[in-house]
Structures are given as C-alpha cells and as structure tokens.
Amino acid sequence: MENNNVVEVSVTILAWCVIVWIAYRLYNRQSDKPKIWKVLVVMLVGLFSFAFNTEIFGTVMRVSILPLGVWVLYAYFRKNTEEWQTYRPFAWFGFAANFIFLIFSLLAVPIFQVIYPGSEPSTYISNIDDASIIPIHPGVKHQELDKENALVTILDFSEEPIHSSDWYYGANLGEDSTNTQEKFPYQLIGAIPKRGSGLISVVYIEEDGKGLLISTPKEQRYFRFKHSLIEGVN
C-alpha cells in the first residue's frame, strides 16, 4: 500500500457503494422493472459530462456542468417515449453520480490531512531501512545516514519558511561549480513515506544534516532539527 493513497481508494469505494445503494432504491420504486443490464449501461453513459477542473483545498477537482451522456441517451430513446420515461431517472442519476464522487473527493482532503499531516516530516519519511544519502553537488564528500537515530531526530522539528531567492543568491556562484556553496548538497533516497499515503516526494538534506527540504508535486516544506541526520555530525 506504500504506493497507493488508501484514503482516496477508500472514499472511491464508499462513493460507489452509495451510488449502488441509491440505484437499487431507484430500481425498486419502478412499477415495471426495467432490464438490469440496460439500467447499468444507461447509468454509465449518464456519467459522461462536460466538466472543468478546478483547485479546491489544494487538490484538483473535476466539476461536471453539462450532462452529455443524458443528451446522448435522449437522442437514442426519443423515438420510444415510453422506454425513455422508464430509463430517464437512471440517466439523470448517472449524471448526478458525478457530484457524489465530487463530494467524497472533498471529504477525502481533510481526512487525508488528519491521517497524513503534511506539516510533519515523519509523514514523508517513515521507513529508512533502505535509505541512504547521496551527494548531488561536486563540492561535498559522501556522508552516511544516521539510521540509528534518524527516525527519532525527525520527531523533534520546527517548520521554517522557505527563502528560495535568498538561498539562490546566497550561493557563491562562479565558473568552478565545486566552489559554490549549495544549501542542500545531499539527497535522501530509498526512504519510504507513511504506509498508505501514496506520497511521492524528493528529500534534500542541508549541509549540516539538520535541515530537510521536502518537495512534492503540490508543495515544498522546510524542516529544521536539533540534531543532524548525518552520521558523525553533531
């Protein structure tokens, strides 16, 4: 489950369960029971819609606005008014299912933040059995990760603001790249995020080993620690 977002998977399954339950109630209300396979097809076609993507709470959401699937079904059934009256509720419910998915997607955001808080480095670094430090700047030497104390070290942290411009212009930029003063000359590889988070991140380590810059597709966070993550450095 390390590579899967368990919250997203769970709410998607729950959304489908709600949809199936409502469809079952809708089916039972019909005096003349339609064919189940046709109901399923009509609902799936009804799902198709014209939609736009918007960012809500830092997450891209799909918002449906035009029922394309319903229009297609109406064009198909228009010569058979009686059959259209039978399947129309399921066509519109198929379109409405888009909003059920949207609601559950919105619920997933705060649930994910509670279980996997982005403000804690332990969310991104939970297992370091196969982790190691690699230099990404030619002016620094190879260092070893202090595996014995690393997981305890990252629990005592403070989140600091990111001053990307100051860090960039503070480097001693010159023709010889080995003489530049890179603030994060190391990268932590092989670390596994908290189980079930599905988080993908790149972790950079400060030269003294007491700072982490964690970069995800959505954001960057900078953490400082009292002790170094580098072995032999206080």
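The values are calculated or read from the model by the stated rules, or taken from the named source; none is laboratory data. Because the structure is predicted, anything quoted here is derived from the model rather than measured. With ideal geometry, Cβ positions are generated from the backbone for all residues, glycine too; neighbour counts draw on all protein chains shown. Surface accessibility is based on the protein's heavy atoms, side chains included, excluding ligands, DNA and RNA. Shrake-Rupley method; radii C 1.70, N 1.55, O 1.52, S 1.80 Å.
Side notes on the structure shown:
- Semi-axis lengths, Å, the stretch 1-95, gyration tensor of Cα atoms, sqrt of 5 times eigenvalues: 30, 18, 9
- Charge dipole (the stretch 1-156, unit charges on Cβ, about Cα centre) - positive-most of Ser64, Asn149, Phe90: Phe90
- Portion, in percent, of the accessible area of the chain that falls on carbon or sulfur, probe 1.4 Å: 57 percent
- Membrane-span-like helices of the chain, defined as complete DSSP H segments with a Cα extent of 20 Å or more along the helix axis and a mean Kyte hydropathy of at least 1.0, are identified as 6-28.
- The sum of -39500 (n - 2.57) across all DSSP H runs of n ≥ 4, divided by the residue count of the chain, sets its helix-only mean residue ellipticity at 222 nm to -13500 deg cm²/dmol.
- With an a/c value of 1.5 or above and a/b larger than b/c for the gyration tensor axes a ≥ b ≥ c computed over the alpha-carbon atoms, the stretch 88-138 is described as prolate.
- Annotation: per residue accessible area for the chain equals 61 Å², rounded to a whole number [probe 1.4 Å, protein chains only].
- Label-to-label distance, Lys79 versus Leu106, with points set 7 angstrom from Cα along the beta-carbon direction: 4.2 nm.
- Diffusion constant of the stretch 77-234 at 10 °C, which comes from Stokes-Einstein with the Kirkwood Cα-pair radius and 1.306 mPa s, µm²/s: 84 µm²/s
- FRET E, pair Leu66, Trp16, Förster distance 25 Å, beta-carbon r, rounded to 0.05: 0.60
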